[in-house]
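A.B. asks: What follows is a structure written as structure tokens; I'll ask about it next.
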Amino acid sequence: MFARSALPVIAVAATVTLLAGCTSTASQGSSGSDISLVKSGKLTTCTHLPYPPFQSRQGKKIVGFDVDLVDLVASALDVKQEIVDTPFEGIQSGEDLNANQCDVAAAGMTINEVREKNLDFSDPYFEATQALLTKKGASYKALGDLKGKKLAVQQGTTGEQYAQRHAKGAKLVQFEDLALLLTAVKTGQVDAGIDDNGVLYDYVKDNPDTEVTAEFNTGERYGIAVRTGNDALRKRVNKVLGDARADGRYDRIYRKWFGTAPKK
Ligand code: ARG
């Protein structure tokens, strides 16, 4: 899961997705609506690895909370999920969806107004907030403590945006993915890092030399994205999410990845 191994994966993903240019239609019997898929027989998901516990590699498999939720959608469509690992920038800008690289994007992605212009989101499926990661005992507990210090941000993310607006006086250092950001904090290459609370708490569990010292209450909610106007698929995703919340599958998946029941 370390930074360097991510590069060849991205190169392979890019090649694979070039082949996925045209859409095919999977007729969805019972619903009566036709859902087009970029690759027939597959629900292709764009994501950006690693972002555990939402999506990360475990051996040869890609696993996580988002992966399990999208698997529910795939199985409702009677197809298998196929995951494409691609930089977050192209996911959040809608570019990958518009280029038919994938049917859905599930990447712990926060719903916001700018993104809503470039893609369509499902109903929210997870709540998050920005948080601060430091080496244990470093005593940076607010963005104001980081004046003249290096603050790691992840490219294209809401954390980067939040830091640009609120970490006045800190030197922002941009990283392409989460693993690079985490390693930079752990090794002291930067003084602190900002990212979503879920991934940072997951990291400190196994890295007791680091700690989460603040949460910023940004009130974010994750959504699964589809191409603008792909209402047939968006509605199907919402239906699956709603059903899964009602019948306990959502709770089971939540417990599997977070060890607790979701807040009601
Ligand atoms: N929630 C943040 C955002 O939407 C970060 C998401 C990063 N996800 C990823 N898989 N790299 O900007």
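The values are calculated or read from the model by the stated rules, or taken from the named source; none is laboratory data. What you see is a predicted model, and the numbers here were worked out from it, not measured in a lab. Heads up, the Cβs are rebuilt from the backbone with ideal geometry, glycines too, and the neighbour counts pull from every protein chain shown. These accessible areas exclude ligands, DNA and RNA; they are computed on the full protein's heavy atoms, side chains included. Shrake-Rupley method; radii C 1.70, N 1.55, O 1.52, S 1.80 Å.
A.B. asks: Please go through region 232-260 and give me each residue that is without any contact (Cβ under 8 Å) to a residue 60 or more places away in the chain and open to solvent by less than 50 Å² (accessible area, probe 1.4 Å), ordered by number.
C.D. replies: Of everything in region 232-260, those that are without any contact (Cβ under 8 Å) to a residue 60 or more places away in the chain and open to solvent by less than 50 Å² (accessible area, probe 1.4 Å) turn out to be Gly248, Asp251.
Residue-wise test of (1) within 16 Å of the ligand (Cβ to nearest atom); (2) free of Cβ contacts under 8 Å to residues at least 40 places away in the same chain; (3) surrounded by fewer than 17 Cβ atoms within 10 Å (Cβ to Cβ).
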position	(1), (2), (3)
Leu119	yes, no, no
Ser122	yes, no, no
Ala131	yes, no, no
Lys135	no, no, no
Ala138	no, no, no
Ala152	yes, no, no
Thr158	yes, no, no
Ala163	yes, yes, no
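A.B. asks: Here are some conditions: (1) closer than 26 Å to Glu113 by Cβ; (2) open to solvent by 40 Å² or more (accessible area, probe 1.4 Å); (3) assigned to a helix (DSSP H, G or I). Gly229 meets all but one. Which one does it not meet?
C.D. replies: For Gly229, the exception is condition (3).
A.B. asks: Hey, does region 206-224 have a residue that's over 26 Å from Asp34 (Cβ atoms), of a type outside the set (Lys, Arg) and part of a helix (DSSP H, G or I)?
C.D. replies: First, the residues of region 206-224 that are over 26 Å from Asp34 (Cβ atoms): 206-222.
Filter once more, keeping what is of a type outside the set (Lys, Arg): 206-220, 222.
With part of a helix (DSSP H, G or I) added as a condition, the list becomes 206.
Within region 206-224 (the criterion being over 26 Å from Asp34 (Cβ atoms), of a type outside the set (Lys, Arg) and part of a helix (DSSP H, G or I)), the answer is yes, since at least one residue qualifies.
A.B. asks: Which members of region 165-181 meet the condition of being under 21 Å from Gln92 (Cα atoms), surrounded by 15 or more Cβ atoms within 10 Å (Cβ to Cβ) and within 16 Å of the ligand (Cβ to nearest atom)?
C.D. replies: Here is the first cut: in region 165-181, the ones under 21 Å from Gln92 (Cα atoms) are 165, 172-181.
Among the residues that remain, those that are also surrounded by 15 or more Cβ atoms within 10 Å (Cβ to Cβ) are: 172-173, 175-181.
Result: Leu172, Phe175, Glu176, Asp177, Leu178, Ala179, Leu180, Leu181.
A.B. asks: Same structure again: When you go through (1) out of contact with any helix residue (DSSP H, G or I) (no Cβ under 7 Å at 6 or more places or on another chain); (2) within 16 Å of the ligand (Cβ to nearest atom); (3) open to solvent by 20 Å² or more (accessible area, probe 1.4 Å); (4) modelled with pLDDT of 95 or more one by one for Pro52, which number turns out not to apply?
C.D. replies: (1) is the only condition that Pro52 fails.
A.B. asks: From the residues in region 78-116 that are within 11 Å of the ligand (Cβ to nearest atom) and assigned to a helix (DSSP H, G or I), which one is most open to solvent (accessible area, probe 1.4 Å)?
C.D. replies: Within region 78-116, the match that is most open to solvent (accessible area, probe 1.4 Å) is Val114.
A.B. asks: In this structure, does Tyr201 turn out to be open to solvent by 30 Å² or more (accessible area, probe 1.4 Å), more than 30 Å from Leu72 (Cβ to Cβ) and not in a loop (DSSP other than H, G, I, E, B)?
C.D. replies: When the stated conditions are applied, Tyr201 does not pass them.
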